[in-house]
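The values are calculated or read from the model by the stated rules, or taken from the named source; none is laboratory data. Bear in mind the structure is a predicted one, so any value in this text is a computation, not a measurement. Neighbour counts are summed over all protein chains in view; Cβ atoms, including those assigned to glycine, are modelled from backbone coordinates with ideal geometry.
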Amino acid sequence: MPYSHIVTLSLWENTILVKSEARAEILNASALSIPLKSERVTVTVTSPPYHNAIDYAKHLNSKDWYRGNLGSSLESYLKEMKECFVEVQRVTKKSGFCCIVIGNELSNGTIIPLPHLITNLLCSDDTWRFHEEIIWNKVTGGLDRFGVTIQRPFPTYYRANIMHEQILVLRKGELEHTKDEQSKFVIDEVMKKDTSNSIWNIAPVPPKYIEHPCPFPEEIPLRLITLYSNKGDLVMDPFMGSGQTGKAAKHLGREFFGFDLQKKYCSLAKRRIEKEELHVRASLVAKWEKRENRQEGNLTP
Ligand SMILES: C[S@@+](CC[C@H](N)C(=O)[O-])C[C@H]1O[C@@H](n2cnc3c(N)ncnc32)[C@H](O)[C@@H]1O
């Protein structure tokens with residue numbers, strides 16, 4: 001057995017990214033009807049609403065609690081998601097991709113498995129093919145559900161802190177490879193030790209850091225756009241929120257088209273895409289150590 005278990009997680013600075021400029025277009029519109037001609041988009045990187053998890057209008061227009069009480073039925077939510085992602089499929093190029101960041105929903109102590117329901121909804125009739133599944137490990141974040149277990153340390157009281165979401169990578173039709181020299185990416189330590197795996201360790205955006213209730217970290221679209229598109233391609237986010245996908249697309253020299261139902265989020269995204277630099281943080285990578293002279297059956301480090 002030449003290698004030991006993972007012994008530490010260490011911070012690794014990302015390869016310095018060279019900023020480039022590309023066109024970005026933002027629209028206050030619904031994902032139900034995408035104002036684009038068919039087969040234009042190379043990759044969509046998006047995160048739709050998580051069913052009843054957040055009332056965005058309430059977040060913008062009142063000081064009331066805006067989480068977890070929209071009261072929409074699961075059937076109507078899934079119907080809307082199906083319509084939106086059929087539209088995304090229409091505007092996607094042949095062999096293009098759609099990456100959906102989505103997590104389970106908690107409802108009165110029961111988990112609604114939204115990633116599984118959406119995969120089944122979109123892939124069972126071949127609208128999309130299920131290309132890859134990545135687990136986003138939030139490393140430092142999560143709902144503090146384990147508090148229940150600390151208060152009552154008895155069997156059946158266990159509730160796990162929720163530290164992950166899924167990144168569903170869907171493909172339109174057959175896979176076609178491209179080898180564009182300009183878009184070749186660097187195989188650095190983060191790529192070799194984190195992006196390479198089906199679990200990505202990326203810390204979430206700290207609370208209230210951006211004026212949106214649930215932005216995903218820029219590292220997610222940065223990785224996905226790098227992996228699934230070439231320079232100059234069109235990247236789309238139909239549920240754009242604060243514009244994280246647009247920022248990453250612009251930085252990587254891809255065109256961007258994004259929209260959101262809420263006008264205020266569109267203004268926020270526009271400002272951020274036009275003016276803000278990318279905030280790529282140091283990544284956590286697993287460090288494997290080679291062990292010489294390990295005796296068979298001895299698992300101590
Ligand atoms: C989970 S958030 C996306 C956050 C985004 N990924 C970011 O990093 O900021 C979902 C967004 O979808 C928007 N939205 C909800 N329904 C929509 C629809 N039918 N069409 C377009 N946008 C919609 C909400 O206003 C919200 O900003």
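The rows are residues; the columns are (1) in contact with a Pro (Cβ under 6 Å, 6 or more places away or on another chain); (2) over 29 Å from ARG272 (Cα atoms).
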| site | (1), (2) |
| --- | --- |
| ILE134 | no, no |
| LYS138 | yes, no |
| ILE150 | no, yes |
| GLU165 | no, no |
Going through (1) at pLDDT 90 or above; (2) over 21 Å from CYS266 (Cβ atoms); (3) of a type in the set (A, V, I, L, M, F, W, C) one by one, VAL101 fails only at (2)
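How many of the residues making up the range 123-146 are in contact with a Lys or Arg (Cβ under 7 Å, 6 or more places away or on another chain) and modelled with pLDDT of 95 or more?
Residues meeting the conditions: 4.
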When the residues of the range 271-301 are filtered to those that are of a type in the set (Val, Ile, Thr) and either within 15 Å of HIS251 (Cβ to Cβ) or at pLDDT 70 or above (or both), which remaining residue is surrounded by the fewest Cβ atoms within 10 Å (Cβ to Cβ)?
VAL280
For the range 223-242, enumerate the residues that are within 12 Å of the ligand (Cβ to nearest atom) and either in contact with a Leu (Cβ under 6 Å, 6 or more places away or on another chain) or in a helix (DSSP H, G or I) (or both).
LEU224, SER242
Which of (1) more than 18 Å from the chain's Cα centre (by Cα); (2) more than 22 Å from GLU176 (Cα to Cα) does ARG90 not meet, given it meets every other one?
(2)
Of everything in the range 185-209, what is in contact (Cβ under 8 Å) with a residue 40 or more places away in the chain, within 13 Å of the ligand (Cβ to nearest atom) and farther than 25 Å from MET81 by Cα? Give them in sequence order.
ILE202
Has the range 65-75 got at least one residue that is in contact (Cβ under 8 Å) with a residue 60 or more places away in the chain, under 30 Å from ARG281 (Cβ atoms) and not in a strand (DSSP E or B)?
yes
Would you confirm, using the coordinates I've provided, whether GLY96 is surrounded by 13 or more Cβ atoms within 10 Å (Cβ to Cβ) and assigned to a strand (DSSP E or B)?
yes
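Closer than 24 Å to GLU39 by Cα and of a type in the set (Lys, Arg), is that true of ARG145?
no
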